[in-house]
Amino acid sequence: MDWSNILQVSLWQIAKPSAGDVFTLLRNEGISSEELQPFKTSDINDIFPWLYYGKRVDILRRLCHIAKRKVEGNFKKCSIAVECHIIAEDIKKIVASSL
């Protein structure tokens with residue numbers, strides 16, 4: 001999944017998540033409000049390069065695990081196993097995974 005898809009699955013939303021929902025998700029994963037302040041008025045897609053190039057792969061990995069748990073939890077009667085990977089669209093490379 002790319003950044004926008006991982007956010008939608010992690011928050012279990014069909015529509016594009018709001019900035020408030022994304023900020024709450026990221027704060028729960030260890031990013032402070034002060035670190036998110038520069039993104040208050042920007043698009044939520046601007047956060048991914050900051051995490052990736054800022055070597056915050058731990059946060060990206062946690063988001064993969066959240067997405068994995070959400071899908072498996074919502075389909076637990078189906079007995080499925082899910083693995084999640086975040087890709088960087090510009091380089092078409094997996095940058096974080098739930099493996």
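The values are calculated or read from the model by the stated rules, or taken from the named source; none is laboratory data. Predicted model only: the values in this text are computed from it and were never measured. Note that we place each Cβ from the backbone using ideal geometry, even for glycine, and neighbour counts take in every protein chain shown. What goes into the accessible areas is simple: the full protein's heavy atoms, side chains included, and nothing from ligands, DNA or RNA. Shrake-Rupley method; radii C 1.70, N 1.55, O 1.52, S 1.80 Å.
Numbers for the structure displayed
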read-out	value
Descending Cα extents along the principal axes, the chain, whole Å	42, 27, 23
The chain: relative contact order in percent, alpha carbon pairs under 8 Å with at least 6 residues between	31 percent
For the stretch 1-24 and the stretch 49-99, distance of Cα centres in Å	12 Å
Per-residue [θ]222 nm for the chain (sum of -39500 (n - 2.57) over DSSP H runs n ≥ 4, rounded to 500)	-14000 deg cm²/dmol
Any cysteine of the chain lacking a neighbouring Cys Cβ under 4.7 Å - listed by number	Cys78
Accessible area of the chain belonging to carbon and sulfur atoms, whole % at 1.4 Å probe	55 percent
Proximal charge balance of Ile80 [Cβ under 15 Å; K/R count +1, D/E count -1]	+3
Probe 1.4 Å - accessible area at Leu11, Å² to nearest ten	40 Å²
Local net charge near Gln8, Cβ-Cβ under 12 Å (Lys/Arg +1, Asp/Glu -1)	0
Å² per residue, accessible surface of the chain at 1.4 Å	60 Å²
Low-density loop cleavage sites - chymotrypsin sites (Phe, Trp or Tyr not before Pro) in the stretch 51-80, where at most 13 other Cβ are within 10 Å (DSSP)	Phe75
Net charge over other residues, Cβ less than 15 angstrom from the Cβ of His65 (K, R count +1; D, E count -1)	+2
Percent of Cα-Cα distances greater than 12 Å, calculated over the stretch 47-99	64 percent
